[in-house]
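Have a look at the structure below before the remarks.
Values in this text are rule-based calculations from the coordinates and carry no lab data. This structure is a prediction, so every number in the text was calculated from the model and none was measured. Neighbour counts are summed over all protein chains in view; Cβ atoms, including those assigned to glycine, are modelled from backbone coordinates with ideal geometry.
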Amino acid sequence: MTLKDKHIVLGITGSIAAYKAASLARLLIKAGAEVQIVMTPSGKEFITPVTLSALTGKPVVSEFFTANDGTWHSHVDLGQWADLMLIAPATAATIGKMANGIADNMLITTYLSMKSPVMIAPAMDLDMFAHPSTTRNIELLRSYGNIIIEPAAGELASHLIGKGRMEEPEKILTVVEDFFAGEESLSKKKVLITAGPTYERIDPVRFIGNYSSGKMGFALAEECARRGAQVTLVAGPVSLKINHPNITRIDVESAEEMYNASVKAFPEMDAALLCAAVADFRPAEQYKEKVKRGEDILNISLVPNKDIAASLGKMKKSSQILIGFALETNDEETNALKKMAKKNLDFIVLNSLNDAGAGFKYDTNKIAILTSSGERKDFALKSKKDVATDIINETLG
Ligand code: CTP
């Protein structure tokens with residue numbers, strides 16, 4: 001029983017997909033979980049509390065009080081009881097309220113009181129899902145550390161075809177099972193992660209940078225922390241937020257600052273994932289004042305930055321694992337293998353700019369992992385969160 005004795009609060013909201021929540025509750029219970037259902041008032045329009053309480057063996061909670069005897073239902077107690085809160089289906093309205101703390105029903109107050117991780121499986125029409133407000137609210141939820149179970153693409157209740165359909169209960173069960181299976185797999189491990197771009201200053205207002213968003217490195221940090229690792233995240237300039245008690249974030253700007261922070265932290269680490277897109281060069285001199293436009297050509301000489309990966313490769317003890325990343329446009333595998341050898345890495349994660357949907361600009365990525373003993377494993381195009389899971393499974397176990 002993969003979920004034996006796990007306490008799960010299953011939140012159900014007013015979507016047509018609420019009917020699937022009954023199968024989901026049943027699957028969770030069959031896997032050993034104790035399930036407490038919390039519904040929004042409109043959730044009850046789609047599936048009856050009687051069906052659900054018969055499945056879970058517990059009265060469904062949806063009001064702050066039971067009308068006939070005045071019993072108060074404590075969202076605070078539910079927040080303490082749960083090992084996981086899973087909201088499936090989550091409508092655009094509930095996602096918006098969760099993102100903004102609008103605590104006008106029992107489900108949202110329970111969410112705000114939750115001490116455990118929260119997973120959200122959105123369900124809505126494709127245009128609602130694609131609306132910028134939904135995208136923003138989902139990003140906010142991610143920034144609170146909540147896990148989004150991406151909706152699937154397919155035919156929707158409206159008969160339109162697109163992304164918005166709640167993921168199937170069997171798939172959600174697998175996500176929950178994997179979540180608990182990995183929970184403590186990295187406990188007591190210390191992991192260094194570099195993420196994002198670096199900015200190399202030209203003058204007080206200009207810099208040389210790159211398009212790295214930091215999303216892949218942040219997804220790795222979240223996944224390592226969730227599995228119990230103590231993470232030191234050295235982040236270049238990115239607009240991402242991260243919130244987990246196991247993550248210590250060190251913000252840096254330049255390659256030199258990233259180098260100094262990484263070299264200082266590495267001796268204590270069990271592993272390092274070097275995901276940052278570090279600038280290879282910096283201006284030889286930084287102008288103290290803003291450079292004025294003139295008629296002449298402006299030449300900026302560049303000098304090489306120190307290679308963080310190669311430096312850590314030299315410092316590496318046999319117990320430490322070093323994982324690098326390579327973004328290649330040509331002769332991908334040959335170049336990646338050369339980098340792995342040159343920098344003394346144990347693994348290299350290869351992204352190709354030739355793959356649609358992979359690389360800097362996307363929330364998805366497509367990778368291959370190469371080992372120092374010459375093996376190669378290819379993965380499908382996935383969300384960066386799922387890619388992080390694959391990378392950690394393959395490299396840190
Ligand atoms: N890296 C690093 N420090 C640098 C440059 C790169 O730690 N100064 C790391 C990256 O974080 C990545 C790996 O090295 O894990 C590969 O980076 P890449 O820039 O592709 O390698 P380079 O050696 O710079 O090769 P090239 O620019 O020739 O492709």
hull vol. (C-alpha, convex hull) per residue for the range 303-348, Å³ -> 75
Of the candidates W81, S133, T109, the farthest towards the positive dipole end of the range 1-160 (Lys/Arg Cβ +1, Asp/Glu Cβ -1, centred on the Cα centre) is W81
Taking a ≥ b ≥ c as the square roots of the Cα gyration tensor eigenvalues, with a/c under 1.5 meaning rounded and otherwise prolate when a/b beats b/c or oblate if not, the chain comes out prolate
For the range 61-194, shape from the Cα gyration tensor axes a ≥ b ≥ c, cut at a/c of 1.5 then a/b versus b/c, turns out oblate
Expected vector for the range 159-165, Karplus 3J(HN,Hα) from phi with 6.51, -1.76, 1.60 and θ = phi - 60°, integer Hz, x for Gly and Pro, equals 6, 6, 10, x, 8, x, 6
Residue span K338 to V205: 0.36 nm per residue of separation minus Cα-Cα distance leaves a gain in nm of 44.2 nm
Helix 332-343: inclination vs the chain longest Cα principal axis, degrees, rounded to 10, gives 70
Given trypsin sites (Lys or Arg not before Pro), DSSP loops and at most 12 other Cβ atoms within 10 Å, the longest exposed-site-free stretch of the chain is 5-114
Phi-derived 3J(HN,Hα) across the range 79-89 with the Karplus relation (6.51, -1.76, 1.60, θ = phi - 60°), rounded Hz, x for Gly and Pro, is x, 7, 6, 6, 8, 7, 10, 10, 9, 8, x
With Y144 itself left out, Lys, Arg at +1 and Asp, Glu at -1 over residues whose Cβ is under 12 Å from its Cβ give 0
Around L3 (Cβ within 12 Å, Cβ-to-Cβ, excluding L3; K/R +1, D/E -1) the net charge comes to -3
Whole-Å distance linking the alpha carbon centroid of the range 176-217 with that of the range 94-159 is 24
Tilt, helix 384-395 to longest principal axis of the chain (alpha-carbon atoms), in degrees rounded to tens, equals 70
Per its Cα gyration tensor (rounded if a/c is under 1.5, else prolate when a/b beats b/c, else oblate), the range 1-138 is best filed as rounded
If each part is reduced to its alpha-carbon centroid, the range 310-371 and the range 1-73 end up apart, in Å, by 45
Ordered by number, the chymotrypsin sites (Phe, Trp or Tyr not before Pro) in the range 117-224 that occupy a DSSP loop and have at most 15 other Cβ atoms within 10 Å are Y144, Y211
Computed over the chain: longest principal axis from alpha-carbon atoms vs helix 215-226 long axis, angle to nearest 10 degrees, is 60
Cross-link reach from K58 to lysines, straight Cα distance under 19 Å and at least 8 residues apart if same chain, gives K4, K6, K20, K30, K44
Computed about the Cα centre, the charge dipole of the chain from +1 Lys/Arg and -1 Asp/Glu charges at the Cβ has a magnitude in debye, to the nearest 20, of 640
Dividing the mean separation of Cα pairs under 8 Å (6+ apart) by the residue count of the chain yields a relative contact order in percent of 11
